[in-house]
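What follows is a short report on a single structure.
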Amino acid sequence: MSQTSERRSAIRAILSEGEVRNQYELLVRLKKKGFAASQPVLSRDLRTLGVAKQAGVYQLLESERITPLGSLKSLLRAAEVIPHFVMVHCEPGAASAVARALEAEEIHGLIGSVAGDDTVLVAVSSAAVGQRVRRRVAELLESTH
């Protein structure tokens, strides 16, 4: 078994053993089991494993895999910032997938989102966070052209 597979298996075990509220806590528990990982590696592992934060606790949601935002870039149209909100426009029927993918990116200050059919309303903690979300969408839009 590869080191990545072993680490991911350890993450599954840790999450099944009890509540984990943040990535730092998970990194500490992984270290106790003999695995070293950086925060970006841990984030990738969590996405790959289908882990999501629900009610403040990380949970395995294997049956509800989240499509990465980068994979949905062809469905995006635009993003605009409104104080404490970002409106993301996308193709009809794509809003739910885009909202879940945005939240899975764990952008610090992204509070949550509400998806319609072709629009996502993203709540953010500040205008600066709103600009970060808009820039992320703009990066993806530029890469499709």
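The values are calculated or read from the model by the stated rules, or taken from the named source; none is laboratory data. On a predicted model such as this, the values are computed, not experimentally measured, just so you know. Neighbour counts are summed over all protein chains in view; Cβ atoms, including those assigned to glycine, are modelled from backbone coordinates with ideal geometry.
For L30, the conditions (1) more than 23 Å from V129 (Cα to Cα); (2) touching a residue at least 40 places away in the same chain (Cβ under 8 Å); (3) in a helix (DSSP H, G or I) are fulfilled apart from (2). Flag set for V28, criterion: under 19 Å from R8 (Cβ atoms) and either under 15 Å from the mean Cα position of the chain (by Cα) or not small (G, A, S) (or both). Among the residues of region 33-57, the ones that are under 13 Å from A104 (Cβ atoms), among the charged types (D, E, K, R) and either at pLDDT 90 or above or not in a helix (DSSP H, G or I) (or both) come to 1 in all. Give the residue, chosen from R47, R29, R21, R7, that is outside the structural domain of V133 (by TED's automatic domain parsing) and surrounded by fewer than 16 Cβ atoms within 10 Å (Cβ to Cβ). Within the list R47, R29, R21, R7, the selection yields R21. Looking across region 104-145 at every residue that is of a type in the set (S, T, N, Q) and assigned to a loop (DSSP other than H, G, I, E, B), the one that is nearest to the chain's Cα centre (by Cα) is identified as S125.
Looking at region 94-140 only, could you name the residues that are on the phi < 0 side of the Ramachandran plot and charged (D, E, K, R)? Across region 94-140, the qualifying residues are R100, E103, E105, D117, D118, R132, R134, R135, R136, E139.
Annotation note: of I111, I107, the sole residue that is free of Cβ contacts under 8 Å to residues at least 24 places away in the same chain and β-branched (V, I, T) is I111. For region 72-80, the criterion of a residue being touching a Lys or Arg at 6+ places or on another chain (Cβ under 8 Å) and loosely packed, with under 13 Cβ neighbours inside 10 Å is satisfied by at least one position.
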